Amino acid sequence: MTGIEDSAQNSKTEALAAFEKVVKKYEGALLRYAGRILSRSDAVQDVAQNTFIKLFKNWKDEMIPSPQLSSWLYRVVHNEAVDYLRKESRRQLLHRKQAAEKIPYSPPKRGSKPEISEAAERAAMVLKKLSMREQQVVVLKVYEEQSYKEISIIMELSIGNVGYILHHAMKKMAALLKNASVI
């Protein structure tokens, strides 16, 4: 190795050693603090780990234990824990809403056709008259309840293009439904 490579290697080794000292010094306290905010031990571990990852990536000053570093670490742990609680709260709310919205499924009786309303039959007939791309966008949005962003990813289109296609497809369907020959 050259002198420059030796120097760079020593610098990395010293930085890692300094980082390890900081982790050893603050890990227990940060875990306890996160544990007081959160109830799940796996979440506490994740919050502490994310904090140290952010420290390694973002801390610009010398990595030595100090009041500034301590304050920064506690602030990051707090923010990570609060973010976790918010995400978990939203996730639980969505699960409760989804559970409340589920309509119990009852399979059709043998030999009988599932009941389809006349309006649904007309909409299905009109849907078939659209182009394949328009059909896909309408099906993904209306029947599959995908967001514009999800549709754009699935169909490899821009979000604006998805909106444009959906808007014109719905206008076509409305016009065709009004047309007496379709009914």
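Of the residues making up the range 127-182, those that are among the hydrophobic types (A, V, I, L, M, F, W, C) and either exposed (fewer than 12 other Cβ atoms within 10 Å of the Cβ) or on the phi > 0 side of the Ramachandran plot (or both) are Met132, Ala174, Ala175, Ala180. Scanning the range 45-76 for residues that are of a type outside the set (A, V, I, L, M), farther than 13 Å from Glu27 by Cα and not in a helix (DSSP H, G or I) returns Trp59, Lys60, Asp61, Glu62, Ser66.
Against the condition over 30 Å from Gly35 (Cα atoms), loosely packed, with under 14 Cβ neighbours inside 10 Å, at pLDDT 80 or above and not assigned by TED's automatic domain parsing to the domain that holds Asp42, how does Ser112 come out, does it pass? Please lay out each step first, then the result.
Values: over 30 Å from Gly35 (Cα atoms): yes; loosely packed, with under 14 Cβ neighbours inside 10 Å: yes; at pLDDT 80 or above: no; not assigned by TED's automatic domain parsing to the domain that holds Asp42: yes.
Considered against the rule, which asks whether it is over 30 Å from Gly35 (Cα atoms), loosely packed, with under 14 Cβ neighbours inside 10 Å, at pLDDT 80 or above and not assigned by TED's automatic domain parsing to the domain that holds Asp42, Ser112 comes out as no.
Considering the range 5-24, the residues that are surrounded by 12 or more Cβ atoms within 10 Å (Cβ to Cβ) and modelled with pLDDT under 85 include one that is farthest from the chain's Cα centre (by Cα), namely Ala8.
The values are calculated or read from the model by the stated rules, or taken from the named source; none is laboratory data. The shown structure was predicted, so the numbers you read here are calculated from the model rather than taken from an experiment. Here Cβ is always computed from backbone atoms with ideal geometry, including for glycine, and neighbour counts include all displayed protein chains.
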